[in-house]
1. Among the small types (Gly, Ala, Ser), in a helix (DSSP H, G or I) and farther than 25 Å from LEU272 by Cβ: which single residue out of ALA188, ALA222, ALA183, ALA241 fits that description?
2. Can you tell me which residue is most open to solvent (accessible area, probe 1.4 Å) among those in the range 273-301 that are among the β-branched types (Val, Ile, Thr) and touching a residue at least 60 places away in the same chain (Cβ under 8 Å)?
3. Which residue, of VAL163, VAL156, is in contact (Cβ under 8 Å) with a residue 40 or more places away in the chain, more than 30 Å from VAL76 (Cβ to Cβ) and more than 15 Å from the chain's Cα centre (by Cα)?
4. Could you pull out every one of the helices (runs of 4 or more DSSP H) wholly within the range 26-113 that has 2 or more residues that are modelled with pLDDT of 60 or more?
5. Could you grab me the full set of residues in the range 159-217 that are over 30 Å from LEU256 (Cα atoms) and open to solvent by less than 40 Å² (accessible area, probe 1.4 Å)?
6. Considering the range 253-270 alone, what residues qualify as being of a type in the set (A, V, I, L, M, F, W, C) and open to solvent by 20 Å² or more (accessible area, probe 1.4 Å)?
7. If you scan the range 166-180, which residues turn out to be touching a residue at least 24 places away in the same chain (Cβ under 8 Å) and more than 25 Å from GLU234 (Cβ to Cβ)?
8. Looking only at residues that are surrounded by 21 or more Cβ atoms within 10 Å (Cβ to Cβ) and over 32 Å from the mean Cα position of the chain (by Cα) in the range 98-151, which one is nearest to PHE74 (Cα to Cα)?
Amino acid sequence: MSAQATGPETLGSLSDEAEITDPNSKQAKEISGKSPMQIAFARLRRDKIAIVCAVVVLFFVLVAIFADLIAKAFGVDLETVTACEVLECNFANPGVGYPKTGPPFNDFDPSHPFGLAPRTGADNLAHWIYGCRTSLLIAGAATLFASVFGIIVGLVAGFAGGVVDKVLSFVIDFFLTIPFLLAALTIAPIIIDRFGTSDSYETVQIASLIGILSLFGWMTVARLIRGEVLSLREREFIHAARVLGMPTKRILFRELLPNLTAPIVISISLMLPAFVAAEAGLAFLGIGVTGSASWGQTIANAVPYWSNYSLYLWEPLIGVVALVLALNLLGDAVRDAFDPKTRR
């Protein structure tokens, strides 16, 4: 034990802590007079991995926002007719219908930079661009709804205590015991079949998927916020607010909520990539978005062509992996920036 306690890494960390606690040190002077948010963002700016991941995430966000303009610039769109009529499909392999222009058996076609989908002739670049929009739209909306609901439940449960806390904690634990995939496979088709029509089918698909992801994604946020509130409600400023007769609503949203910025930001940064992966996975299983472009749907369609047309599968797969990896690493960097005890 003594050898570990006096190791060089331990001595280094102790010296760093001593330097920070020393009011005359350089690090102490840098953070003096700054809010926790300013200190956290300063740490993020010094993190090269976080900067690279932020650039990657920004790229995908811009692609999603300006999908129409990007598709128009490349001259591609989702409106394609049957490949057999326009592209004179090669039926050397019966029932396959590989296009005669572009990969996998022809040279690069500048009018279709990502190639064309077998049998349908759909432009892969257009589906990649609009699939990015679909993925971020669903994941972003689900993250927003799940975060807001989880924050409210966590605030109420942690601050009220007693019977209210026990009931809400039971609800949280109950939802945590439900298998997400099994519930999604059961609920999504029922909602789409009940409310989906020929005119609103795509909208109902997206809304049902957002609702399912939100329904089974708020519990982690609620638990985290509840634990933080249980600690904060015993602080002096909360007791002072109660003594002054401040309304409960004001205490929750004006006193407690600003002190929960760090756990909320961390939860959102870790929830978003999970929802991106979940959306792609559900689309791959056929219960996600099937009425419009989706990375998961493209991956499902590309699996049978893996041996001859691997590029068809790699294009959406790289998009999903790059976005989820960048969001995860950025979330880890945000967590480290907001937690002064963590060290990279």
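1. Values: ALA188 fails: farther than 25 Å from LEU272 by Cβ; ALA222 fails: farther than 25 Å from LEU272 by Cβ; ALA183 fails: farther than 25 Å from LEU272 by Cβ.
ALA241 is the lone residue from the list that is among the small types (Gly, Ala, Ser), in a helix (DSSP H, G or I) and farther than 25 Å from LEU272 by Cβ.
2. Across the range 273-301, the extreme among qualifying residues is THR290.
3. After ruling out the rest, the residue left standing is VAL156.
4. Because the criterion is at least 2 residues that are modelled with pLDDT of 60 or more, the helices (runs of 4 or more DSSP H) in the range 26-113 that meet it are 36-46, 48-65, 67-74.
5. First, the residues of the range 159-217 that are over 30 Å from LEU256 (Cα atoms): 178-209.
Scanning the range 159-217 gives ALA183, ALA184, ALA188, ILE192, GLY196, SER200, VAL204, GLN205, ILE206, SER208, LEU209.
6. The answer is PHE253, LEU257, ALA262, ILE264, VAL265, ILE266, ILE268, LEU270.
7. If the condition is that a residue be touching a residue at least 24 places away in the same chain (Cβ under 8 Å) and more than 25 Å from GLU234 (Cβ to Cβ), then PHE175, LEU176, ILE178, PHE180 are the ones that fit.
8. GLY102
The values are calculated or read from the model by the stated rules, or taken from the named source; none is laboratory data. Bear in mind the structure is a predicted one, so any value in this text is a computation, not a measurement. Quick reminder, even Gly has a Cβ in these numbers, built from the backbone with ideal geometry, and neighbours come from all protein chains shown. Please note that ligands, DNA and RNA were not included when accessible areas were found on the heavy atoms of the full protein model with its side chains. Shrake-Rupley method; radii C 1.70, N 1.55, O 1.52, S 1.80 Å.
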